[in-house]
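Structure, as structure tokens:
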Ligand SMILES: [Cu+2]
């Protein structure tokens, strides 16, 4: 599968639910698994008619085949329809037309950036990869009037193959980031069913609840979940987008049992912070 994906340079998305501004009752989850098939599976929670699916092709170009680490690398993504005609219009979804997630193969590195739309289906951005190794680039977007799409692409940064250490589940789901103590809780950690997860925030010094979280890209938080084999990608937005803490609740669904890394992105006092967790889903 990996070889084929590298060869193809992209994969198709399986969408479990659409997430557009028109469906606020939706639980805001985009899923993608690298099945390689265009099998749109709509499992939205709303009663609204699902938007039609659209076959797209993403063509990825980098400033170099193996861009060196610690230097600016340009990334361009051309989105065309199945006939090769550029997709011109994209929904603004959480304030952006395209969300780009970058992860290293060992999931130690994570970034969430927003390429600029140049028109005629072309998005561009430059970034710096911190070290040599394999990275997966995941683009998340909504061609206007259609369902959420996820397209991904593996790249090799530099020439060294970084040793891959498998991630291990956290023994404690409380982390301290930038003087904030964040605890992640699930109603029931299980695969294949909706799971509610709650991030709760306290000031690590005063131990008082944090109630002044700020919206970032139109929501109190953004959560990205990726399976340890980097095959499953899930992007969630909060059930209550306007919450300010101390709780931020999300509904999600882990497609199958296994180890997953979860990154929550939040903002307080104008500072964006990321809290990572690794969980074993039974
Ligand atoms: Cu984004």
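Values computed for the structure shown
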{"item": "Residue that is nearest to residue 97 (Cα to Cα) [pool: residues in the stretch 236-274 that are within 14 Å of the ligand (Cβ to nearest atom) and part of a strand (DSSP E or B)]", "result": "236"}
{"item": "Residue in the stretch 96-116 that is closer than 16 Å to residue 133 by Cα and loosely packed, with under 13 Cβ neighbours inside 10 Å present", "result": "no"}
{"item": "Residue count, the stretch 119-147 (criterion: away from the ligand (no atom under 16 Å from the Cβ), buried (at least 18 other Cβ atoms within 10 Å of the Cβ) and under 22 Å from residue 216 (Cα atoms))", "result": "0"}
{"item": "Filter result for the condition that a residue is away from the ligand (no atom under 15 Å from the Cβ) and in a strand (DSSP E or B), over 164, 155", "result": "155"}
{"item": "Condition check for residue 88: loosely packed, with under 15 Cβ neighbours inside 10 Å and assigned to a strand (DSSP E or B)", "result": "no"}
{"item": "Those residues of the stretch 104-118 which are within 16 Å of the chain's Cα centre (by Cα) and within 16 Å of the ligand (Cβ to nearest atom), in sequence order", "result": "110, 111, 112, 113, 114, 115"}
{"item": "Some residue of the stretch 184-191 being within 30 Å of residue 55 (Cα to Cα) and under 20 Å from the mean Cα position of the chain (by Cα)", "result": "yes"}
{"item": "Residues of the stretch 61-103 classified as at positive phi, in contact (Cβ under 8 Å) with a residue 60 or more places away in the chain and more than 13 Å from the ligand (Cβ to nearest atom), total", "result": "1"}
{"item": "Search result, residues across the stretch 204-235 that are part of a loop (DSSP other than H, G, I, E, B), on the phi < 0 side of the Ramachandran plot and within 16 Å of the ligand (Cβ to nearest atom)", "result": "215, 220, 221"}
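Bear in mind that the values in this text are calculations on the coordinates, not laboratory data. Just so it is clear, the structure is predicted and the values come from calculations on it, not from any experiment. Please note: Cβ atoms are built from the backbone with ideal geometry, for glycine as well, and neighbour counts cover all protein chains shown.
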